[in-house]
Amino acid sequence: MKVRAWSTSANLGPGFDVMGIALKAFKDVVEVELGGGGPDALVTRVNGPYSSSVPIGRDNVAAFAAKAALMMAEQKLTAKIKLWKGVPPRRGLGSSGASSAAVVKAINLILGDVLSEEEMIKAAAEGERAAAGHPHPDNVAPSLLGGLVIIGERIVKIEPSVKFVLAIPWIDIPDRKTEAMRSILPRKVGMGDFVANSAALAMLVLGMTTGDLEIAGKGMSSSMVDKLRSKMIPGFKEVKEAALRAGALGSSISGAGPSMLFLCDECEPALAAIRRAYISIGIPASVMVVEPAEGAAGER
Ligand code: HSE
């Protein structure tokens, strides 16, 4: 069974750990075979443009997610996984989430749709626990379901008609970057920050659901977590200012960074301004216009 899952951008600013959107920018493709023994899972082969950045065997995040899916489905089987790695790792684009989402979807399809959406998200999040030390669901959920997904007591999905500029700086990033970017966040937050972040998240959701992109952009740009993390993102201030001056409606760090996401109506001027900003600060970057993607699905 061959399945692909798209890259994602988690948080969209104020939606830390509760919101993410699937983006048609990069994809991972897995081919999964189930055999006897287990529950067990291993990646037997990795190829594709980013194959050298991820391990094979039982240490690949996809193996953790696959094993969790088999355990959840109470299947004593072994998953052998071939992975085509197309989502660049450590850029804040849900790379580990895409591998995890794709294997869990593949296993669920082979087993005849035995897992609910909630169970698939929970199993795939085990891949994130292995990658980042915490089973945050806001990359795997949109990678599995597509569109913009909110993860709370229930999983809510919307399909906003939006476009973004995605900017990916090619700077050196340490291993376990997400874990490091989570470790700088406080355990407790003040009431003032909580209220401001709540207002921003409400505006973001309202704007996305009603199609009022100015309101959505205002909400997206105001985030307690981005404020703390932005100091660690090279070029954050310069690039954000250039994008907003060129008509971008909102901006956020993509996941734990260093990529950034800009909501736009007319995207070309913002794209050009972001490119120029990265050039002027001397950081090589890929900058592209992206749209929301559909969920993980079979691939020929
Ligand atoms: N919500 C997670 C974080 C996403 O920001 O740490 C990581 O991709």
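Using R₀ = 30 Å, calculate the FRET efficiency as 1/(1 + (r/R₀)^6) where r is the Cβ-Cβ separation of E117 and K231; round to 0.05. Once the sixth-power term is evaluated, E becomes 0.25.
Choose one of L93, T210, A297: the residue whose Cα lies farthest towards the positive end of the charge dipole of the chain (beta-carbon charges +1 Lys, Arg; -1 Asp, Glu; about the Cα centre). Value: L93. The overall shape of the stretch 163-290 is oblate: from the C-alpha gyration tensor, with semi-axes ordered a ≥ b ≥ c, the ratio a/c is 1.5 or greater and a/b is no larger than b/c.
Taking each of K67/K177; K2/K76; K82/K237; K76/K122; K24/K76; K67/K231 in turn, the alpha-carbon distance tops 29 angstrom for K82/K237; K24/K76; K67/K231. Given the stretch 22-133, report the % of alpha carbon pairs whose separation exceeds 20 Å. The proportion of pairs with Cα distances above 20 Å equals 30 percent.
Measuring nothing but protein heavy atoms, the accessible surface of the stretch 163-290 at 1.4 Å probe radius is 59 percent carbon and sulfur. Rolling a 1.4 Å probe over the protein heavy atoms gives the stretch 163-290 an accessible area of 49 Å² per residue.
In the chain, taking the dipole from charged Cβ atoms about the Cα centre, the farthest positive-side position among F26, M181, A102 is held by M181.
Across the options V195, G247, A270, the greatest Cα extent toward the positive end of the charge dipole of the stretch 163-290 (unit charges at beta carbon of Lys, Arg, Asp, Glu) belongs to V195.
Accessible surface for the stretch 59-155, divided over its residues, is 35 Å² per residue with a 1.4 Å probe.
Each Lys and Arg Cβ is given +1 and each Asp and Glu Cβ -1; about its Cα centre, the stretch 163-290 then shows a dipole of about 440 debye.
The C-alpha atoms of the chain define a longest principal axis, and helix 95-110 lies at about 40 degrees to it.
Take each peptide in 252-258, 76-82, 181-187, count the other Cβ atoms within 10 Å of every residue, and average; sorted highest first, the result is 252-258, 76-82, 181-187.
If the chain were replaced by its equivalent ellipsoid, with semi-axes equal to the square roots of 5 times the Cα gyration tensor eigenvalues, what would those be, largest first, whole Å? Could you put the intermediate results ahead of the total?
Numbers: eigenvalues 203, 78, 60 Å².
The answer is 32, 20, 17 Å, longest axis first.
Across K237, K85, K163, mean-square fluctuation computed from a Gaussian network of the chain (C-alpha pairs under 10 Å connected) peaks at K237. Take every DSSP beta bridge whose two residues both sit in the chain; close to 85 percent of them are antiparallel.
The values are calculated or read from the model by the stated rules, or taken from the named source; none is laboratory data. No experiment lies behind these values; they were computed from the predicted model shown. All Cβ positions, glycine included, derive from the backbone under ideal geometry; neighbour counts span all protein chains shown. Quick note on the areas: whole protein, heavy atoms, side chains included, nothing else; ligands and nucleic acids left out. Shrake-Rupley method; radii C 1.70, N 1.55, O 1.52, S 1.80 Å.
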